[in-house]
Amino acid sequence: MDGKPDPVRFESVTKQPVLPGDFLESADPTLRQRSFGHIPVFWAWLAQILEANASCQRAVGFIQSWCRTCGLSVPSSDTSSYCKARLRVDIRFLHAIHRRIRDHLGARISGADRWQGFNLVAMDGSSVQLRDTAANQRAYPQPSGQKPGCGFPTMGIVGLVNLCHGGWEQVVACPHTRHDSRAAGGLIAHLHAGDLLLADRAFCSYELIARCQGRGAHALMRLHQARAKSLDWREGKRISAYERIVTWTRPQRPPGSGLSPAEWEALPASMELRLIKVRYENRAGEKGELIVVTTLTDPSRHCGMELADLYARRWDIELKLRDLKTTMGMERFDVNTPEMAQKTLLMGVIAFNLIRSVMQRAADRAGEPTRHMSFKGDAGSGGGQPRELPGARGPSAQTGGGDGCPGGNLRDEEDLHPPLQERTEGGETEAQTLSVPNPPPLRIRGNPPPQSIQKTGLIPCHSSQTSMIDVLIF
């Protein structure tokens with residue numbers, strides 16, 4: 001391993017039925033097909049990302065290979081036409097593709113992927129670096145601690161991931177100085193009845209929880225440090241030694257709220273919430289406790305121990321951010337403008353969700369929950385020139401996607417849930433082991449390794465010569 005991201009077999013995602021050619025043609029805003037039209041450029045750009053963020057020269061090679069295979073005129077190797085074509089790509093075209101993939105993933109969620117009938121979703125933020133240009137600096141300025149000319153513009157991202165299928169519901173961009181909870185307002189519209197939102201204490205505000213309930217969803221978050229500091233455990237209704245029902249009243253509208261005064265007054269005047277006290281022990285053996293808050297107030301239906309244990313699955317979104325940024329090589333966008341940064345982010349999400357669709361099909365064939373599938377799997381090589389681009393017309397081009405080869409490596413769920421992390425003042429994290437006072441300490445439980453893999457014909461690859469999500473299907 002040389003530390004670089006690994007490529008993905010291109011045809012593993014192009015042959016998915018989620019993006020048939022007729023859909024791409026209907027979403028394409030251009031009136032005619034050409035070598036660098038929206039559809040060929042989309043597939044080349046996608047291949048560029050899946051090829052571990054390959055160069056534009058590599059992407060032009062993909063289009064040349066496709067044109068040669070289809071018997072079309074082969075464009076020049078000069079990358080300027082391709083780069084200009086990427087600038088022309090209508091972001092509404094990319095949003096239509098993202099919605100199509102997202103809806104496809106949501107429609108294939110199985111009962112085993114849900115938690116007590118809830119669709120688990122998680123929210124968190126991160127950031128990526130951009131090329132140092134004046135336009136990028138104006139929209140996404142570099143950290144204030146860096147001297148001018150010594151840093152890169154930093155674009156904050158806040159995303160909502162569906163833990164049932166592992167794909168991103170939505171990702172929004174903002175300056176990295178904007179608090180995550182403020183940027184989260186753009187994600188509320190993607191919550192639905194039956195969702196259970198997991199989030200850390202940065203998102204634990206009256207506004208966010210109330211808006212979450214207004215969408216018919218529930219929330220499970222760590223209590224914000226300001227409320228935890230002033231909490232009197234004797235207040236509220238006692239459920240057990242480590243659980244209480246409390247009532248929050250609507251505070252004054254904070255200056256940073258994204259709601260207008262009228263919208264703020266429309267929030268409920270009070271909310272009844274449930275607090276659960278959880279003990280933990282970090283890797284240094286130091287003991288402490290944290291409190292999680294939830295809108296699931298009925299202890300007879302939802303056990304406090306199970307909810308505290310479930311909160312540990314919030315860590316999954318940290319793994320998804322790692323897969324999006326590190327595994328796929330999306331930690332830095334080599335773009336000159338904020339508009340291209342947003343398009344590149346959306347293309348990265350599309351590529352990520354297409355990989356998740358492959359993994360979802362593999363999990364369905366294996367009869368296992370999708371969370372048992374590894375995004376990265378064993379490192380290896382893959383790729384290859386795209387021979388067929390659904391939706392791109394040519395003498396031998398297909399207009400519909402066929403069944404692709406499902407991919408994904410299976411591993412124990414324990415690998416997906418490292419100990420809960422506690423952030424220190426210096427920004428470092430310390431691992432914690434969760435426990436609930438009286439009854440016995442909690443553990444983050446992992447499922448045993450799947451036993452039925454051989455019977456299904458899905459054989460995980462362990463060779464260094466396989467692609468990131470490559471498997472053998474008999």
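Just to verify a result, which residue in segment 204-216, among those that are of a type outside the set (Ser, Thr, Tyr) and in contact with a Lys or Arg (Cβ under 9 Å, 6 or more places away or on another chain), is surrounded by the most Cβ atoms within 10 Å (Cβ to Cβ)?
207
Is it the case that segment 277-288 has a residue that's buried (at least 19 other Cβ atoms within 10 Å of the Cβ) and among the basic types (Lys, Arg)?
Yes.
May I ask you to verify whether residue 188 is surrounded by fewer than 20 Cβ atoms within 10 Å (Cβ to Cβ) and at pLDDT 95 or above?
no
For segment 19-36, name all the residues that are crowded, with 20+ Cβ neighbours inside 10 Å and of a type in the set (Gly, Ala, Ser).
27, 35, listed by residue number.
How many of the residues making up segment 88-143 are small (Gly, Ala, Ser) and either without any contact (Cβ under 8 Å) to a residue 60 or more places away in the chain or over 25 Å from residue 339 (Cα atoms) (or both)?
Of the residues in that region, 9 qualify.
Determine which member of the set 101, 97, 109, 91 is at pLDDT 90 or above, closer than 26 Å to residue 316 by Cα and surrounded by fewer than 18 Cβ atoms within 10 Å (Cβ to Cβ).
109
For a quick check of your reading: which strands (runs of 3 or more DSSP E) sit entirely within segment 185-244 and have at least 1 residues that are of a type in the set (A, V, I, L, M, F, W, C) and under 21 Å from residue 288 (Cβ atoms)?
Passing ranges, in order: 195-199, 218-222.
Filter segment 285-311 down to the residues that are within 16 Å of residue 217 (Cα to Cα) and assigned to a loop (DSSP other than H, G, I, E, B), then identify the one that is farthest from the chain's Cα centre (by Cα).
Here the answer is 298.
From the list 158, 172, which residue is in contact with a strand residue (DSSP E or B) (Cβ under 8 Å, 6 or more places away or on another chain), in a strand (DSSP E or B) and without any contact (Cβ under 8 Å) to a residue 24 or more places away in the chain?
It is 172.
Working only within segment 93-128, note down all residues that are of a type in the set (S, T, N, Q) and under 15 Å from residue 195 (Cα atoms).
The answer is 110, 116, 119.
From the residues in segment 65-87 that are part of a loop (DSSP other than H, G, I, E, B) and in contact (Cβ under 8 Å) with a residue 40 or more places away in the chain, which one is surrounded by the most Cβ atoms within 10 Å (Cβ to Cβ)?
Per the stated criteria, the residue is 72.
Name the residue that is surrounded by the fewest Cβ atoms within 10 Å (Cβ to Cβ), counting only residues in segment 51-64 that are modelled with pLDDT of 85 or more and of a type in the set (A, V, I, L, M, F, W, C).
Per the criteria, the residue is 56.
If you scan segment 217-253, which residues turn out to be exposed (fewer than 13 other Cβ atoms within 10 Å of the Cβ) and of a type in the set (Gly, Ala, Ser)?
Result: 226, 230, 241.
I'm trying to understand the selection: among the residues of segment 83-122, which are closer than 21 Å to residue 219 by Cβ, in contact with a helix residue (DSSP H, G or I) (Cβ under 6 Å, 6 or more places away or on another chain) and of a type in the set (A, V, I, L, M, F, W, C)?
122
Run residue 256 past the list (1) within 19 Å of residue 304 (Cα to Cα); (2) surrounded by fewer than 18 Cβ atoms within 10 Å (Cβ to Cβ) and report the number of the one that doesn't hold.
(1)
Of the conditions (1) assigned to a strand (DSSP E or B); (2) closer than 27 Å to residue 186 by Cα; (3) basic (Lys, Arg), residue 277 clears all except one; give me its number.
(2)
Of 355, 317, which residue is of a type in the set (A, V, I, L, M, F, W, C) and touching an Asp or Glu at 6+ places or on another chain (Cβ under 6 Å)?
317
Can residue 80 be described as touching a Gly at 6+ places or on another chain (Cβ under 7 Å) and either modelled with pLDDT of 90 or more or within 23 Å of residue 342 (Cβ to Cβ) (or both)?
When the stated conditions are applied, residue 80 does not pass them.
Just to be sure before I move on: is residue 140 aromatic (Phe, Trp, Tyr), touching a strand residue (DSSP E or B) at 6+ places or on another chain (Cβ under 7 Å) and closer than 23 Å to residue 269 by Cα in the structure I sent?
In short, no.
Only one of these is within 27 Å of the chain's Cα centre (by Cα), closer than 26 Å to residue 324 by Cα and without any contact (Cβ under 8 Å) to a residue 24 or more places away in the chain: 57, 48. Name it.
48
The values are calculated or read from the model by the stated rules, or taken from the named source; none is laboratory data. Note that this is a predicted model, so its numbers are computed, not measured. Quick reminder, even Gly has a Cβ in these numbers, built from the backbone with ideal geometry, and neighbours come from all protein chains shown.
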